[in-house]
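Right, one structure below, let's go through it.
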Amino acid sequence: MSLVKFESMLKTNNVYFFDLVEFEDIIIHYLEAGKHALAKKALKLGLEQHPTSIDLKLLQVELYVFEGDLNKASILLKRIERIAPNNDEIFIQRATISSKSGNHKEAIANLLKALTLTEDSIDVWSLLGMEYLYIDDFDNARLNFEKCLEQDIEDYAALYNVVYCFDMEKKHEDSIIYLNDYINKNPYCEVAWHQLGRQYFILERFKEALNAFDYAVLIDEYFIGGYLEKAKTLEELKEYQAAIDNYLITLELDDPTAFAYVRIGECYEKLEKYAAAISYYKKAVHEDPLLDRGWILLANLYYDNKNYQKASYYISKALKIDEANPVYWRRYAEINIKLNFFEEAVTGFENCLSLKDDGIEIYIGLTDILSFLGEFNDAISVLYTAQKLYKNFVEIEYRLAGLFFVLNKENHGLDHLIAAMKTDYEYHIILNELYPTVFENKKVQTLIANFKKALE
């Protein structure tokens, strides 16, 4: 009623009297609703009618803090403290100011002082927990959130924070012990079962994780997070059809997500049901056209099924979204090799190298394409760059041997051929595959034969 009366007053420009509690309720209502302009109006009128009210002045401090005027807030708090030095809210607000200024240890000191003055400790413990989180003191943060749960077992925000602290310290076994103890006290808490399942999942104890997620969705059959985690766990257990069924439940419970479509597609791909996989990948990119993962999965699937034209189309989509991804450029190069678009393949491998994807297969792939295109000197340059990272690699030595022979630099070619055969004689067959004319060279054949005799 007081809220209706206040808003009616604002429309008529009449001034009504409200008692102190009414003003507090009105202001807090507007603050919680995010209507700060109306909260300020109510506060102004409240202070005019109740100028000595400490509670209203503390609400004024809260508004100053919200507006970022920390100096005004601090000055007003000092005035309030002279009148009511033992008011816990003074130290809570002072802690808020310290926290916003980045002085979290000072905020903690103020909150500890507030604890000595208040009977309602749960909010202070929660604030203390957050301040300890800011300075990465996870042990103290957890202890304060645990105190919140001791007072209110259904404070699920505190429960999440307790588990978060365990996670940050990688104390998953301790987290499991804590959650099992909590579940013994509150067995029908789907949040606790869900978090317990997560801990088992992290430790790769998938059957126990599945059991926990089963309880979570039994308690709350509309718990989307529970079904998602259950589906992910079933994937790990290679129960792909069951995983699909659980992902489909999430689509029934809420609006479809690209994430769920992708995971369903991946399950179908593992079941070798490629048409279904493609269908769900396409649903994923339709739902979120900027989801590059959906495009690359389509490209990979078409590549594996030797439909290189479609693979080329989808890899281009992925690269438009993330052209700084070397994995995509690698696939781009591989697809273009299959399509005999060698210049494009060179571009793909060169982009991989510029993006620090310097695996030996990138250097070898680029070398072989440059050789095919007749760019022999460029191919040698690539191999010498590779040698700085990969020493005594026969893949490099045999190719250098072949290329130097092609360029009529036989002495260099023979040196590299000897070095290659010393490392792996049997691999010399690669010369016949890559440089057949070099392999047939009499000097090369003689050297290979003599090397074989020496090995015998």
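Annotations
- Asp167 being within 17 Å of Ala141 (Cα to Cα) and in contact with a Phe, Trp or Tyr (Cβ under 7 Å, 6 or more places away or on another chain): no
- Restricted to helices (runs of 4 or more DSSP H) entirely inside region 190-277, those with at least 1 residues that are assigned by TED's automatic domain parsing to the domain that holds Asn305, hydroxyl-bearing (Ser, Thr, Tyr) and under 20 Å from the mean Cα position of the chain (by Cα) are 258-270.
- Options Ala258, Ala231, Ala242, Ala216: the member that is over 29 Å from Phe138 (Cα atoms), of a type in the set (Gly, Ala, Ser) and in contact with an Asp or Glu (Cβ under 6 Å, 6 or more places away or on another chain): Ala258
The values are calculated or read from the model by the stated rules, or taken from the named source; none is laboratory data. Computed from a prediction, not measured in an experiment: that's the story for all the values here. Neighbour counts run over all protein chains shown; Cβ positions are idealised from the backbone, glycine included.
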